[in-house]
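Participant: The structure is given below, and queries will be raised subsequently.
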Amino acid sequence: MTAPSLDRVLLVGFMGSGKTSVGRAVARRLGWRFVDFDREIEAQEGCSVAEIFTQRGEPAFRALEEEVARRLLRLDHVVLASGGGWAAAPGRLAGVPPGTASFWLQVSAPEAIRRAGVGAGSRPLLARPDAQEEAIRLIARRAPFYKDATWAVDTERSPVLDVAARILGILAEAYPGVISE
Ligand code: S3P
């Protein structure tokens, strides 16, 4: 039997779930490139995600996000961190190319708010006085989509390197030989 091939790792989950920091650690261990959807959008558009939300509105951001994600999901030997809302649309995770290992990084609303540092202005959807209620509402609405990821990893009380180690353990078991000693 041929071993399944692993071409890319995709991290999904709510804001503050650790997609970027965990993604960097996983990429480092695999010797792969790390790419963050939001940073790619910002590089392409020459402005911040917050500016895109304010100046063009969320639907314009979602269209850019979809287009950039389609391009990034064709890359090989890459760890991808999606934006928190990307996976939350019908068919997104089910439609990823073969060879993609997807992980849902789970986090509660209070912990997400604590980590995201509300008020920093970089996360327009949480820049509101009732950020925690909004986070609860969004997580509830998105969880049925996030759960289409191949694996779910709880990040609630775990440091970044522990979460990364758990992901690497899952990958080592599912794709023998992918991690060099
Ligand atoms: C969003 C999450 C953000 C960013 C944008 C919208 C969301 O990414 O894409 O502010 O809808 O959850 P992070 O999850 O990387 O913060």
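The values are calculated or read from the model by the stated rules, or taken from the named source; none is laboratory data. Everything quoted here is computed from the prediction, not taken from an experiment. So basically every Cβ, Gly included, is an ideal-geometry build from the backbone, and we count neighbours across all protein chains shown. Side chains included, ligands, DNA and RNA excluded: accessible areas come from the protein's heavy atoms. Shrake-Rupley method; radii C 1.70, N 1.55, O 1.52, S 1.80 Å.
Participant: Step by step: first the residues of segment 151-169, then only those that are of a type outside the set (Gly, Ala, Ser) and in contact (Cβ under 8 Å) with a residue 60 or more places away in the chain, then the one that is surrounded by the fewest Cβ atoms within 10 Å (Cβ to Cβ). Which residue is that?
Facilitator: LEU161
Participant: While we're on this one: Yes or no: PHE61 open to solvent by less than 20 Å² (accessible area, probe 1.4 Å) and either without any contact (Cβ under 8 Å) to a residue 24 or more places away in the chain or charged (D, E, K, R) (or both)?
Facilitator: Yes.
Participant: Can you report the number of residues in segment 110-163 which are among the aliphatic types (A, V, I, L, M) and in contact with a Lys or Arg (Cβ under 7 Å, 6 or more places away or on another chain)?
Facilitator: So the first thing to find is which residues in segment 110-163 are among the aliphatic types (A, V, I, L, M), and the list is 112-113, 116, 118, 120, 125-127, 131, 135-136, 138-140, 143, 149, 152-153, 160-161, 163.
Checking the rest, the ones that are also in contact with a Lys or Arg (Cβ under 7 Å, 6 or more places away or on another chain) come to 116, 153.
Final tally of qualifying residues: 2.
Participant: Can you tell me which residue in segment 7-22 is farthest from TYR146 (Cα to Cα), limited to those that are part of a loop (DSSP other than H, G, I, E, B) and near the ligand (Cβ under 9 Å from one of its atoms)?
Facilitator: The extreme case among them is GLY16.
Participant: Among the residues of segment 87-119 satisfying the criterion of being open to solvent by 50 Å² or more (accessible area, probe 1.4 Å) and farther than 20 Å from ARG62 by Cα, which is farthest from the chain's Cα centre (by Cα)?
Facilitator: Filtering first and then ranking leaves GLY119.
Participant: Still on this structure: For the condition away from the ligand (no atom under 13 Å from the Cβ) and in a helix (DSSP H, G or I), what is the one hit in ALA60, ALA25, ALA112?
Facilitator: Testing whether each residue is away from the ligand (no atom under 13 Å from the Cβ) and in a helix (DSSP H, G or I) leaves just ALA25.
Participant: Output the residues belonging to segment 126-150 that are buried (at least 18 other Cβ atoms within 10 Å of the Cβ), of a type outside the set (Ser, Thr, Tyr) and in contact (Cβ under 8 Å) with a residue 24 or more places away in the chain.
Facilitator: Hits for segment 126-150 are LEU126, ALA135, LEU138, ILE139, ARG142, PHE145, ALA149.
Participant: Among the residues of segment 36-57, how many are outside any helix (DSSP H, G or I) and more than 16 Å from GLY84 (Cβ to Cβ)?
Facilitator: Summing the residues that are outside any helix (DSSP H, G or I) and more than 16 Å from GLY84 (Cβ to Cβ) in segment 36-57 gives 3.
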